[in-house]
Amino acid sequence: MLYFILRRIGMVIPTFIGVSLFAFALIHLIPGDPVTVMGGERGMTATERAELEAMLGLDKPIWVQYFQYIGNVLQGDLGTSYVSREPVMSEFLTLFPATIELTVCAAIFASVVGLTLGILAAVRRGGLLDHTVMTISLTGYSMPIFWWGLLLMLLFSVNLGWTPVSGRMDVIYWIDEVTGFMLIDTLLSDEEGAFTAAVQHLILPSIVLGTIPMAVIARMTRSSMLEVLGEDYIRTARAKGLSKRRIIVKHALRNALIPVITVMGLQVGLLLSGAILTETIFAWPGIGKWLVESISRRDYPVVQGGLLLIATIIILVNLLVDLMYGVVNPRVRHSK
Amino acid sequence: MRKGLSLFAGAALATAMATSAAADTFVYCSEGSPEGFNPAFYTSGTTFDASSRTLFNRLVEFERGETNIVPGLAESWDISDDGLTYTFHLRENVKFHQRSDFRPSRDFNAEDVLFSFNRQMNENHPYHEVSNKDYAYFGYMGMGEAIESIRAIDDYTVEFKLSSPNATFLANLAMDFASIHSAEYADEMMEAGTPTKVDQTPIGTGPFILAQYRKDSLIRYVAHNAYWEGKADIDRLVFSITPDASVRYAKLRAGECHHMVYPNPADVAEMQDDPNINVLSQPGLNVGYLAFNTNKEPFGDERVRQALNIATNKEAILEAVYRGAGQIAKNPIPPTMWSYNEDVVDYDYDTEYAKQLLAEAGYPDGFETDIWAMPVQRPYNPNARRMAELIQADWARIGVEAEIVSYEWGEYLERSQNGEHQTMMLGWTGDNGDPDNFLNTLLSCQAAETGGNRAFWCNEEFDGLVQQALRTTDMEERTALYEEAQVVFKADAPWITIAHSVVFEPVRPEVKGYKMSPFGSHYFYGVSLEE
């Protein structure tokens, strides 16, 4: 098992170097530079331009910039935003809890609903329930997030008034930031009703963000379950006279889950990229909007640092998923 | 700042809210997070709304809803006959904000004025390098060169000496960057070793006190009870940061905010039909134009420029591109600005006459050229690409074949500043409400050298009028000079003046007393909520 873990961790390092180089190259390859964007319609003189470039370190050759950047990253310094002049890491840490809160809730929604629907569809294969689930998941998968979000918002928030339109919290509550997670901070504060308000604010964004992963998980669970349900050992279990419930939960699901877990791990990337759109629609103060704005402003440190941090999280989650196979399926950890 | 800032204890505020259940909270759905809270560093209206217009005052102010200058922290001022010395008589009994982390021991006085300007002007000032940012507008408006010295004559009199007569000086002092900070707070923070707090959580004399800021989420203010013009009608002001226009609209409809900015043009008609929304509108302080590069043939010939002006159907552009949210521009300055010349006659759309002019200039069969179109939406031009297509079709009718060119925004600005274009679209939004800010910045001979003048047009008569107006302090005289300059501009036609956009601001019907600012800023003192 230890060898397995070390080998998996060893594979992370080249991926990490690749991502850092890619993020750096990508933002520098896009035409337009931050200094010109700062000048706007007004423009600037050659002297002002040179001063600003020197201040931002953009006057050095590009490969020097890259190695300096990597050197700083290895020491834990992701640089300072050109626009706000705040350290990238501190901006990220301020905004990231909101994104995590949203992504985790969306992931829970996607997994619980997706797994349940997938299992039900597989068990009642070919029936009305199966067809309904497959239609829902196909529709969910093809739903453009922006449109879906606005649709739900107009229906539930504007017309029915059941949920708040956007944001993380009603303006009447005064919540001090302790952990950055609104669900926890509202419990820590003595504002009555604030926790309920925080939950209400989470409902629509979580559903919108979780819809596509939910559809993927439902379809994957269904097909994987169907495959397993046709195996000989299931027939044996049936022949032994085990209850249907026991066969499905104990024998079938456990084996069917392996590909599903892989898919769930891959959904983290999808969730984080989807979060960018969802955050924009619901005015959710996470890292999505921060990254999009920094691209149009050519705020190199924020784009590079943000991409690197997100990539790190995706790599780590998938590492965790890989390690989890080992737990779920002994064959994986013993293979060389 | 990592954990967001909170300057009032939550419990204290909760108590305050419980005791005055009827306390009015005004919620403004803003479009983005401010870059910071010291307006001297920044240039965006989003930042000014959140900082200078709520937290601060200036020596002089723009009258609410107008572009003219009224007394602010200076009750009155004298200008010497040579136009070189400005003496300001300061208002007494003006209180600074009081917060849990700062209690001012004295009222506003000359020391605060000196601090606020010297910090920006004097490189050796202990605060000059704090926060390590540029003093953007101080530089743009040429304040460093304009001001020779500032001194306090006594506690309530400050004298500015200028290096040359500059009629825009007063208007510049009403701009956001000239906001007056508390010198006492700055001293205290320097002693405490936290000087950057002066920029992050500043203390001013303005109608609202900064209470809490959470990036991309909200900004909270409470009314300044001891405000010198009287406490604001609303007790609390919240900026609910909502980047998407459709969502701001949804929040306004659901009653989650009282006022929103920048609606989608497509939504305006529906809003106007909604009894629960009042749509305010006003022409913006801007102009969208197409500049001919007069350094390149055939645009050195004014007959060619006139012909293309005449060949362009602006009515159609207004309809298709601005969709009612604009008005045709005939002058390079907007109609809300003083000295706007009503008598200037615009070029009428007339394809036949345009052809004739072009033939006279030696191009009976037209010529090939380019039209540069911005890749981004700007306040003065919602869709440059579409506009370029319409102009392209208009010009084709007189034989001028234009290719549409576009670059990424930064690239676009840089290449056009270098004069790589033949014709290009751009625009301008005013800074200080002074015509000089358009005519000198965009069309002077000096601007042709620095690139601000994208037509590279240098007309001695026009330039003479504009420079003379800058040295004159008499308003009537200045008005006459600018009116004449607009006539010269129109005849020589270095631009096609296309349109001034119209700005819409939807508010809930319970909002009373709100006045739109011609500068496009948002100002909530004087606003009240009616049940």
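Table: residues versus (1) of a type in the set (Val, Ile, Thr); (2) open to solvent by 70 Å² or more (accessible area, probe 1.4 Å); (3) at pLDDT 95 or above.
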residue: B:318; (1), (2), (3): no, no, no
residue: B:322; (1), (2), (3): no, no, no
residue: B:327; (1), (2), (3): no, no, no
residue: B:335; (1), (2), (3): no, no, no
residue: B:372; (1), (2), (3): no, no, yes
residue: B:376; (1), (2), (3): yes, no, no
residue: B:381; (1), (2), (3): no, no, no
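When residue B:459 is tested against the conditions (1) in contact with a helix residue (DSSP H, G or I) (Cβ under 7 Å, 6 or more places away or on another chain); (2) open to solvent by less than 10 Å² (accessible area, probe 1.4 Å); (3) touching a residue at least 12 places away in the same chain (Cβ under 8 Å), the lone failure is (2). Restricting the range A:79-93 to residues that are open to solvent by less than 30 Å² (accessible area, probe 1.4 Å) and either in contact with a Gly (Cβ under 8 Å, 6 or more places away or on another chain) or of a type in the set (Gly, Ala, Ser) (or both) leaves a set whose member that is modelled with the lowest pLDDT is A:84. Reported count of residues in the range B:423-443, each being more than 20 Å from the chain's Cα centre (by Cα) and either within 13 Å of another protein chain (Cβ to nearest Cβ) or at pLDDT below 95 (or both), is 1.
For the range A:57-67, filtered to residues that are under 31 Å from the mean Cα position of the chain (by Cα) and surrounded by 13 or more Cβ atoms within 10 Å (Cβ to Cβ), the residue that is nearest to residue B:453 (Cα to Cα) is A:65. Comparison of A:17, A:30, A:70 shows that the only residue that is open to solvent by 70 Å² or more (accessible area, probe 1.4 Å) and not aromatic (Phe, Trp, Tyr) is A:17. Within this structure, residue B:6 fails the test of being at pLDDT below 95, more than 14 Å from chain A (Cβ to nearest Cβ) and buried (at least 17 other Cβ atoms within 10 Å of the Cβ). The numbered conditions (1) of a type in the set (S, T, N, Q); (2) part of a loop (DSSP other than H, G, I, E, B); (3) away from every other protein chain (no Cβ under 13 Å) are all true for residue B:276 except (3). The requirement of being in contact (Cβ under 8 Å) with a residue 12 or more places away in the chain and closer than 30 Å to residue B:213 by Cα is not satisfied by residue A:326.
Looking at this structure, is residue A:6 away from chain B (no Cβ under 14 Å) and of a type in the set (A, V, I, L, M)? Spelling it out, residue A:6 is indeed away from chain B (no Cβ under 14 Å) and of a type in the set (A, V, I, L, M). The one condition from (1) part of a loop (DSSP other than H, G, I, E, B); (2) over 21 Å from the mean Cα position of the chain (by Cα); (3) at pLDDT 95 or above that residue B:389 does not meet is (1).
Based on this model, can you work out whether residue A:44 counts as surrounded by 16 or more Cβ atoms within 10 Å (Cβ to Cβ) and either among the hydrophobic types (A, V, I, L, M, F, W, C) or within 13 Å of another protein chain (Cβ to nearest Cβ) (or both)?
Here the answer is yes, as residue A:44 does meet what is asked.
Given the criterion aromatic (Phe, Trp, Tyr) and in contact with a Gly (Cβ under 9 Å, 6 or more places away or on another chain), identify the matching residue among B:117, B:96, B:108. Answer to the check: B:96.
Please find, within the range B:107-133, the residue that is surrounded by the fewest Cβ atoms within 10 Å (Cβ to Cβ) out of those that are in contact with a Leu (Cβ under 8 Å, 6 or more places away or on another chain) and assigned to a loop (DSSP other than H, G, I, E, B). The extreme case among them is B:109.
For every residue, the table says whether it meets (1) within 20 Å of residue B:257 (Cβ to Cβ); (2) surrounded by fewer than 24 Cβ atoms within 10 Å (Cβ to Cβ); (3) of a type in the set (Gly, Ala, Ser).
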residue	(1), (2), (3)
B:25	yes, yes, no
B:33	yes, no, yes
B:37	no, no, no
B:46	yes, yes, no
B:56	no, no, no
B:61	no, yes, no
B:64	no, yes, no
B:67	no, yes, no
B:70	no, yes, no
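Scanning the range A:56-73 for residues that are more than 14 Å from chain B (Cβ to nearest Cβ) and in a helix (DSSP H, G or I) turns up A:62, A:63, A:64, A:65, A:66, A:67, A:68, A:69, A:70, A:71, A:72, A:73.
Among the candidates A:114, A:76, which residue alone is surrounded by fewer than 17 Cβ atoms within 10 Å (Cβ to Cβ) and either within 28 Å of the chain's Cα centre (by Cα) or not in a loop (DSSP other than H, G, I, E, B) (or both)?
Working: A:114 fails: surrounded by fewer than 17 Cβ atoms within 10 Å (Cβ to Cβ).
Going through A:114, A:76 in turn, the sole match is A:76.
Take the conditions (1) open to solvent by 30 Å² or more (accessible area, probe 1.4 Å); (2) among the hydrophobic types (A, V, I, L, M, F, W, C); (3) assigned to a strand (DSSP E or B); (4) modelled with pLDDT of 95 or more; residue B:487 misses just one of them, which is (3).
Taking the range B:434-456 as the range and being part of a loop (DSSP other than H, G, I, E, B) and surrounded by 22 or more Cβ atoms within 10 Å (Cβ to Cβ) as the test, the residues that pass are B:434, B:435, B:444, B:453, B:454, B:455.
Here's the yes/no breakdown for (1) over 30 Å from residue B:245 (Cβ atoms); (2) within 14 Å of another protein chain (Cβ to nearest Cβ); (3) open to solvent by less than 10 Å² (accessible area, probe 1.4 Å):
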site	(1), (2), (3)
A:248	yes, no, no
A:253	yes, no, no
A:259	yes, no, no
A:265	yes, no, yes
A:277	no, yes, no
A:282	no, yes, yes
A:286	no, yes, yes
A:289	no, yes, no
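Just need a number here: residues in the range A:83-101 that are facing another protein chain (nearest Cβ under 7 Å) and over 19 Å from residue B:42 (Cα atoms). Matching residues across the range A:83-101 total 4. Every condition in (1) of a type in the set (Val, Ile, Thr); (2) open to solvent by 30 Å² or more (accessible area, probe 1.4 Å); (3) touching a helix residue (DSSP H, G or I) at 6+ places or on another chain (Cβ under 6 Å) holds for residue B:429 except the one numbered (3).
Quick check on residue A:53: is it free of Cβ contacts under 8 Å to residues at least 24 places away in the same chain and more than 9 Å from chain B (Cβ to nearest Cβ)?
Values: free of Cβ contacts under 8 Å to residues at least 24 places away in the same chain: yes; more than 9 Å from chain B (Cβ to nearest Cβ): yes.
Considered against the rule, which asks whether it is free of Cβ contacts under 8 Å to residues at least 24 places away in the same chain and more than 9 Å from chain B (Cβ to nearest Cβ), residue A:53 comes out as yes.
Inside the range B:134-151, residues that are loosely packed, with under 14 Cβ neighbours inside 10 Å and more than 24 Å from the chain's Cα centre (by Cα) make up a count of 3. Looking at A:228, A:208, A:216, just one residue is more than 10 Å from every other protein chain (Cβ to nearest Cβ), in contact with a Ser or Thr (Cβ under 6 Å, 6 or more places away or on another chain) and open to solvent by less than 40 Å² (accessible area, probe 1.4 Å), and that residue is A:208. Residues of the range A:190-204 that are surrounded by fewer than 19 Cβ atoms within 10 Å (Cβ to Cβ) and facing chain B (nearest Cβ under 10 Å): A:190, A:192.
The values are calculated or read from the model by the stated rules, or taken from the named source; none is laboratory data. In this text the structure is predicted, and so the values were computed from the model without any measurement. Methodologically, a virtual Cβ is constructed for each residue, glycine included, from the backbone with ideal geometry; neighbour enumeration extends over all protein chains shown. Protein only, heavy atoms only, side chains kept; ligands, DNA and RNA dropped before computing areas. Shrake-Rupley method; radii C 1.70, N 1.55, O 1.52, S 1.80 Å.
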